[in-house]
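> Following this message is one structure expressed as structure tokens.
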Amino acid sequence: MAASSSALPRIAVLGGTGFIGRTILATLAERGHHLLTIARKEPADALPGGFARLDLTVDPPAELAALLAEHRIDVVVNAAGGMWGLTDEQMVGANVGMVTRLLEALRSMPAPPRLVHLGTVHEYGLCPIGVSLSEDSEPNPSMVYGKLKLQATELIATAVREEGLDAVVLRLGNVVGAGQPSHSLLGVMAGKLAAARAAGTTAELALQPLTAQRDFVDLQDTVDAIVAAVPSNPKAPAVLNVGLGRASSARELVELLIEVSGVPTEVTEVPAPEGSGPETEWQQLDVTAIERAFGWAPRRSLREAVRTLWEHAAKDGSSPDAGR
């Protein structure tokens, strides 16, 4: 990790304007870190610390390296990337091309910052029901997004193994919390409930079976794991899971959301579109390795995560789209 005159590491957050990035910034600001947000567009509302506009899908890596050196950055947290609303070609640039440029920038620096990169559970793909996915599980993604995120993870893991890069990839479960992206299932449901609440009417929700079991994890718990991984640990694996360690159905979370909202709701059951289906019927992460490496374990329940999501949606009525 690059030297710093401050007792706390100076941190740059790529994609700090997104769903997870904003909570990363808020949490680090509370702890007193010098912060620099790097993103394509500056948000209308102020973020803690400084801001620099840079698009790593097109801008030269040398510009990023110069920016990190200018701000004497010790740690880069990469919360950037993209899936929703992007073509396959755009997803390549947002997930693989961007990481390739990021690694090129770090390689060019005499004392490169530590890298904490956010991966995804979708890198694992299909798995048998009842299995807990450990970091040694063989990745077999079927979604384009999962395949691209896996390529990015492999680029970073190779740099750690062969070049001694100080980095870790955190494979995140399905994150739930305040500012839930409006295009996600829970974001859509929260928006409909908030609209019905504001209008004083009954919410009408049409739900598909939602039987797939996934590992959902609270947003603040997730960010706590990211912050815990900021300090270097040479003995830590290059890839670590972050999740609740328990599979739950999306239907369970929607029902929790309806319950905590208190909004009168009429649910209509609709069949799933013909030929459609989840990437996998089951995803449950083994999160014991990150506890050994960084002392992190999930503390918050799904009810707490959904309640935080709802309180934000009911108050704000809108949420920023995720950067990941």
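The numbers here are math on the coordinates, done by the rules we state, and not lab data. These numbers were taken from a predicted model, which means no experiment stands behind them. Neighbour counts are summed over all protein chains in view; Cβ atoms, including those assigned to glycine, are modelled from backbone coordinates with ideal geometry.
> Over region 149-301, what is the percentage of antiparallel beta bridges among all DSSP beta bridges, to the nearest 5?
Working: 3 of 16 bridges.
Among the beta bridges of region 149-301, antiparallel pairing accounts for roughly 20 percent.
> Ranked from highest to lowest mean number of other Cβ atoms within 10 Å per residue, what is the order of the peptides 48-59, 16-27? Could you put the intermediate results ahead of the total?
On the way: 48-59: 16.1, 16-27: 23.6.
Descending mean neighbour count gives 16-27, 48-59.
> Can you run phi through the Karplus equation (6.51, -1.76, 1.60; θ = phi - 60°) for region 203-216 and list ³J(HN,Hα) in whole Hz, with x for Gly and Pro?
6, 10, 10, 9, 10, 6, x, 6, 8, 4, 9, 10, 8, 8
> The chain: Rg/Rh from Cα coordinates, Kirkwood Rh? Mind dumping the intermediate values first?
Values: Rg = 19.5 Å, Rh = 20.2 Å.
Answer for the chain: 0.97.
> Oh, and also: For Lys192, go through the lysines and keep the ones whose alpha-carbon is under 22 Å away, minus same-chain ones fewer than eight residues off.
Lys315
> Once the piece of chain linking Asp88 and Ser248 is laid out straight, how much longer is it, given 0.36 nm per residue of separation minus the C-alpha distance between them? Don't jump to the answer; show the numbers that get you there.
On the way: separation 160, 0.36 × 160 = 57.60 nm, distance 2.89 nm.
Gain on stretching Asp88 to Ser248: 54.7 nm.
> Obtain the radius of gyration and the Kirkwood radius of region 179-279 from its C-alpha atoms and give Rg over Rh. Walk me through the numbers on the way to the answer.
On the way: Rg = 17.4 Å, Rh = 16.1 Å.
On the Cα set of region 179-279, Rg over Rh gives 1.08.
> While we're on this one: Going 7 Å from the Cα of Thr201 along its beta-carbon direction, which residues of region 247-266 have the amide nitrogen within less than 17 Å of the resulting point?
263-266
> Turning to a different aspect of this structure: What is the spin-label model distance, in nm, from Ala29 to Asn140 if the labels are put 7 Å beyond Cα along the C-beta direction?
Once both label points are built, they end up 4.5 nm from each other.
> Put +1 on the Cβ of every Lys and Arg and -1 on every Asp and Glu Cβ in region 86-196; which of Ala190, Val176, Ser137 then has its Cα farthest towards the positive end of the dipole?
Final value for the positive-end residue is Ala190.
> What is the Å³ per residue value for the convex hull set by the Cα atoms of region 144-205? Could the numbers behind the result be given before it?
On the way: hull volume 5.9 nm³, N = 62.
Cα-based convex hull of region 144-205, divided per residue, equals 95 Å³.
> Now for a separate question. Need the list of lysines near Lys41 for cross-linking: C-alpha distance under 23 angstrom, and skip anything on the same chain fewer than eight residues off.
Lys149
> Expected output is a single nm value to one decimal: the length gained when fully extending between Glu255 and Glu311, i.e. 0.36 nm times separation in residues minus the C-alpha distance. What is it?
18.6 nm
> Moving to a separate point now. How large is the Rg to Rh ratio of region 1-119 when both quantities use alpha carbon positions and Rh follows Kirkwood?
Rg/Rh: 0.95.
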